[in-house]
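Participant: Following this message is one structure expressed as structure tokens.
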Amino acid sequence: MDVDLIFKIAAIGILVSILNIVLSKSGREEMAMMTTLAGVVVVLLMVAKEIVNLFNTVKTLFGF
Amino acid sequence: MEAELFRIAVIGIVAAILAVIISEKKPELGLLLGLAFGIVVLVVAFSKAGAIIEVLEDTVSKAGIDGNLLVPVLKVTGMAYVTQFSVDACRDVGQNSIAGKVETVGKIMMLAVAVPIATSLIRIISSLI
């Protein structure tokens, strides 16, 4: 079971929000924005790979 | 099977709590976490569903029903699952209009797959008359 994925995403989320707070407090709003964007893109890539996996499972299972 | 269900139930609670924690600061990552949980759970569930479909095919062949009639039924079931997954994901993000469009497309495609069954039914009826 691929439970690691959930914890990985949770860790990235917490890390990104901490980095965001630190960078915002030190007055680097644009870098905080970039870290947020990078975090979202990384997680989106991970999720997209798994969505392809899920749809392939459905395809083979239901004989498309 | 039941051990897996308990595991998934626990993972669901953990994922929900983590999603709430993340959503406080980064709602978009919290939504992606929910999506990832859905994918993990569905992959587990579908890997178990193969046995059910095998039994279904076996029963159909034993009952002397044309095996080709089962294919569209299974196809429509799979399409319904995929459509529902996508619609739920869109609704979670709050894009109700996109969800509605995906739903409409899914309905039309499912109807297109199901039409051959309807025509074969009509053919059977007309051969009886």
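Derivation of every value follows stated rules applied to the coordinates shown; laboratory data play no part. Predicted, not measured: the structure shown is a model, and the values here were computed from it. Reconstructed Cβ throughout: ideal geometry from the backbone, glycine too, with neighbour counts over all protein chains shown.
Participant: When a/c is below 1.5 the answer is rounded, else prolate if a/b is larger than b/c, else oblate, so apply that to the range B:1-64 with a ≥ b ≥ c taken from the square roots of the Cα gyration tensor eigenvalues.
Facilitator: Numbers: a/c = 6.43, a/b = 2.84, b/c = 2.26.
Verdict is prolate for the range B:1-64.
Participant: Rounded to the nearest angstrom and ordered from largest down, what semi-axes does the equivalent ellipsoid of the protein assembly as shown get from its C-alpha gyration tensor (root of 5λ)?
Facilitator: 43, 20, 11
Participant: Quick check on chain A: what are the equivalent-ellipsoid semi-axes from the Cα gyration tensor, as sqrt(5λ), descending, whole Å?
Facilitator: Sorted largest first and rounded, they come to 34, 12, 4 Å.
Participant: Counting Lys and Arg as +1 and Asp and Glu as -1, each charge on the Cβ, what is the dipole of the range B:66-129 about the Cα centre in debye, to the nearest 20?
Facilitator: Dipole size: approximately 140 debye.
Participant: Taking only DSSP H segments of four or more residues, each worth -39500 (n - 2.57), what value at 222 nm results for chain B once the sum is divided by all its residues, to the nearest 500 deg cm²/dmol?
Facilitator: Rounded to the nearest 500, it is -32500 deg cm²/dmol.
Participant: If the only charges are +1 at each Lys and Arg Cβ and -1 at each Asp and Glu Cβ, what is the size of the charge dipole of chain A around the Cα centre, to the nearest 20 debye?
Facilitator: Taking the Cα centre of chain A as origin, the dipole is about 20 debye.
Participant: Would you work out the charge dipole size for chain B about its Cα centre, treating the Cβ of every Lys and Arg as +1 and the Cβ of every Asp and Glu as -1, and quote it to the nearest 20 debye? Before the final figure, lay out each step's value.
Facilitator: Details: 10 positive and 11 negative charges, 59 e Å.
The calculated dipole for chain B is roughly 280 debye.
Participant: What Kirkwood hydrodynamic radius do you get for the range B:66-129 when you take the inverse of the mean 1/r over all pairs of distinct Cα atoms, in Å?
Facilitator: Hydrodynamic radius (Kirkwood, Cα pairs) of the range B:66-129 is 13.2 Å.
Participant: Quick query: amide H of A:Val3 versus all other amide H atoms, modeled in the peptide plane; which residues come in under 5 Å with a sequence gap of 5 or more or a different chain?
Facilitator: Sorted by chain and number, the residues that satisfy this come to none at all.
Participant: Under the Karplus relation 6.51 cos²θ - 1.76 cosθ + 1.60, θ = phi - 60°, what is the ordered set of whole-Hz ³J(HN,Hα) values for the range A:54-64, x standing for Gly and Pro?
Facilitator: Result, ordered by residue: 4, 5, 5, 4, 4, 4, 5, 5, 9, x, 6 Hz.
Participant: Need the C-alpha centroid separation for the range B:55-116 versus the range A:32-58, integer Å.
Facilitator: What the calculation gives is 25 Å, centre to centre.
Participant: Which entries in the list A:Lys49/B:Lys75; B:Lys25/B:Lys48; B:Lys48/B:Lys107; B:Lys26/B:Lys75; B:Lys25/B:Lys107 go over 28 Å, if you measure between the two C-alpha atoms of each?
Facilitator: B:Lys25/B:Lys48; B:Lys26/B:Lys75; B:Lys25/B:Lys107
Participant: Shifting gears a bit: Compute the acute angle (0 to 90°) between the alpha-carbon long axis of helix A:4-25 and the principal axis of greatest extent of the alpha-carbon atoms of chain A; round to the nearest 10°.
Facilitator: Here the helix axis deviates by roughly 20 degrees.
Participant: While we're here: From the phi angles alone, apply the Karplus equation (6.51, -1.76, 1.60; θ = phi - 60°) to the range B:58-73 and give each ³J(HN,Hα) in whole Hz, x where the residue is Gly or Pro.
Facilitator: With coefficients 6.51, -1.76 and 1.60, one gets 4, 4, 4, 5, 6, 6, x, 8, 4, x, 5, 6, 6, 4, x, 4 Hz.
Participant: So what's the angle, to the nearest 10 degrees on a 0 to 90 scale, between helix B:2-25 and the longest Cα principal axis of chain B?
Facilitator: Between the helix axis and the principal axis of chain B, the angle is about 50 degrees.
Participant: Which value, to two decimals, describes the C-alpha radius of gyration of chain B once divided by 2.2 N^0.38 Å?
Facilitator: Normalised Cα radius of gyration, chain B: 1.42.
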